[in-house]
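Everything on this sheet refers to the single structure shown next.
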Amino acid sequence: MSEKEQEFNEEVAELKELETAETENDEAVEEQSELAKVTAEKEALEDQYLRAQAEIANMTKRNRLERETLQKYRSQDLAKKLLPSIDNLERALMTEVSDDQGAGLKKGVEMVLESLLNGLKEEGIEEVPAEKGTPYDPNIHHGVQIVPASEETPADTIVEVFQKGYKLHDRVLRPAMVIVAQ
């Protein structure tokens, strides 16, 4: 072989080595790029998983609180329907009776009223505090009339209660209807 052929063969060999090195380099770059893609997908999926877990925890907590609230106030509608009957029983007890039959009937009405009030109390329903001389609270009292204040009745106090009010735990079912001194 001549010297030129040998140089040519050496150059061809060098070119082949360069091509091989370039191909290996390209493959390494592609593998790194693919690894970066897979890593980014993995991180995105982990983020989605953590968000889904947090959402499930929030939904569970929200549902538990809703169930507790429903349980706490379950007797609200029934109580609102019974309050007019209780008012009527109380009005019936204000009636004066003169004979034994009327007294027996009045005693029966008292017993019915007492059992209804005990049942409501067991459910957490109680009377709104409203008595003559107590401070007026617009959150639990409904002022239906205003009278001038005097020495006996200072301003912003209850003068008279027209209708009792009731509340279920911390929720007012019906405010007490009162006359207020101003």
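The values are calculated or read from the model by the stated rules, or taken from the named source; none is laboratory data. Owing to the predicted nature of the structure, the values given are computational and were not obtained by experimental measurement. Note that we place each Cβ from the backbone using ideal geometry, even for glycine, and neighbour counts take in every protein chain shown. Side chains are part of the model used for accessible areas, which takes the heavy atoms of the whole protein and leaves out ligands, DNA and RNA. Shrake-Rupley method; radii C 1.70, N 1.55, O 1.52, S 1.80 Å.
Six or more apart or on different chains, Cβ atoms under 8 Å: show the pairs whose first residue is in segment 153-182 and hydrophobic (A, V, I, L, M, F, W, C) and whose second is open to solvent by less than 10 Å² (accessible area, probe 1.4 Å) and assigned to a loop (DSSP other than H, G, I, E, B).
Here the result reads VAL172/VAL128; VAL172/GLY165; LEU173/GLY165; ALA176/VAL128; ALA176/GLY165; MET177/GLY165, each pair linking segment 153-182 to a residue that is open to solvent by less than 10 Å² (accessible area, probe 1.4 Å) and assigned to a loop (DSSP other than H, G, I, E, B).
Condition first: of a type outside the set (A, V, I, L, M, F, W, C) and in a helix (DSSP H, G or I). Now tell me which residues in segment 82-102 satisfy that.
Across segment 82-102, the qualifying residues are PRO84, SER85, ASP87, ASN88, GLU90, ARG91, ASP100, GLN101, GLY102.
Residue-by-condition table, conditions (1) over 26 Å from LEU70 (Cβ atoms); (2) assigned to a loop (DSSP other than H, G, I, E, B); (3) of a type in the set (Ser, Thr, Tyr):
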| site | (1), (2), (3) |
| --- | --- |
| LEU117 | no, no, no |
| LEU120 | no, no, no |
| GLU131 | yes, yes, no |
| ALA149 | yes, yes, no |
| THR153 | yes, yes, yes |
| LEU173 | no, no, no |
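Name the one entry in LEU65, LEU78, LEU83, LEU89 that is among the aliphatic types (A, V, I, L, M) and more than 18 Å from LYS121 (Cα to Cα).
Residue meeting the stated conditions: LEU65.
Take the residues in segment 146-164 that are within 35 Å of the chain's Cα centre (by Cα) and open to solvent by 70 Å² or more (accessible area, probe 1.4 Å), then tell me which one is modelled with the lowest pLDDT. Walk me through it before giving the result.
Pass one, segment 146-164, residues within 35 Å of the chain's Cα centre (by Cα): 156-158, 161-164.
Going one step further and asking which of them are open to solvent by 70 Å² or more (accessible area, probe 1.4 Å), we end up with 156, 162, 164.
Details: ASP156: 86, PHE162: 89, LYS164: 92.
Checking each candidate, the answer is ASP156.
Results for (1) surrounded by 10 or more Cβ atoms within 10 Å (Cβ to Cβ); (2) basic (Lys, Arg), shown as yes or no for each residue.
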residue	(1), (2)
GLU27	yes, no
THR39	yes, no
GLU96	no, no
LYS107	yes, yes
SER115	yes, no
